[in-house]
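I am attaching a structure below and will ask some questions about it afterwards.
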Amino acid sequence: MCRDGFILVTVRFLDEIGLSLANPGFFVNGQWKGYSKEITSHSSVNNEVLGKVRGGSVTDYEEGVKACCIAAKLWMAIVTEIGKALEAKLKPLSELVAHEVGKPLTKAIAEVKPDCMAKSKGGKVAKSKGGCYRRV
């Protein structure tokens, strides 16, 4: 593809995910952070500039990690409630899957209730064999 075509595709792709060629840094607690040196990302295909972003200070990154930890606890609570709601409807959802795709009910149950929906025990989080994280 010609250079101009590649640039248009790149810009469209960035627009679709809410980015532009120049980005202010990272978003933490409702504010953009990143006031240090500009970092440029290049395409591994043709070395074109894909975008630029500002780096942050150690304090900025620590604030971001702290915000992520708080958000992760909230998200885990939401996911736990969703899991409970799905588990409460395990049988009818499994029957629907079994009828829809014509598989045995036991396989449908396994599909509706994968490892990442396993019941939680305590407050620790572990990686399950399916690659999902769950409370153990």
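From the phi angles alone, apply the Karplus equation (6.51, -1.76, 1.60; θ = phi - 60°) to the stretch 16-26 and give each ³J(HN,Hα) in whole Hz, x where the residue is Gly or Pro.
Once rounded to whole Hz, the list reads 5, 10, x, 10, 9, 5, 10, 10, x, x, 9.
What is the sum of charges around E95, taking Lys and Arg as +1, Asp and Glu as -1, for the other residues whose C-beta is under 15 Å from the C-beta of E95? The partial results should precede the final answer.
Details: positive: K89, K91, K103, K107, K113; negative: E87, E100, E111.
Every neighbour counted, the sum reads +2.
May I ask for the net charge around G55, where only other residues with Cβ less than 15 Å from the Cβ of G55 are counted and Lys, Arg are +1 while Asp, Glu are -1? Could you put the intermediate results ahead of the total?
Numbers: positive: K33, K37, K52, R54; negative: E38, D60, E62, E63.
Once all neighbours under 15 Å are counted, the net charge is 0.
Using θ = phi - 60° and the Karplus curve 6.51 cos²θ - 1.76 cosθ + 1.60, what whole-Hz ³J(HN,Hα) does each residue of the stretch 80-97 get, with Gly and Pro shown as x?
4, 5, 4, x, 5, 5, 5, 5, 5, 10, 4, 5, x, 5, 5, 4, 4, 4
What shape does the stretch 36-100 take by its C-alpha gyration tensor, where a ≥ b ≥ c are the square roots of the eigenvalues and a/c under 1.5 counts as rounded, a/b above b/c as prolate, and the rest as oblate?
Values: a/c = 8.74, a/b = 1.85, b/c = 4.74.
It comes out oblate by the Cα gyration axes.
Coordinate-derived values only; no laboratory data. Bear in mind the structure is a predicted one, so any value in this text is a computation, not a measurement. Every residue, glycine among them, receives a Cβ derived from its backbone with ideal geometry; neighbour counts consider all protein chains shown.
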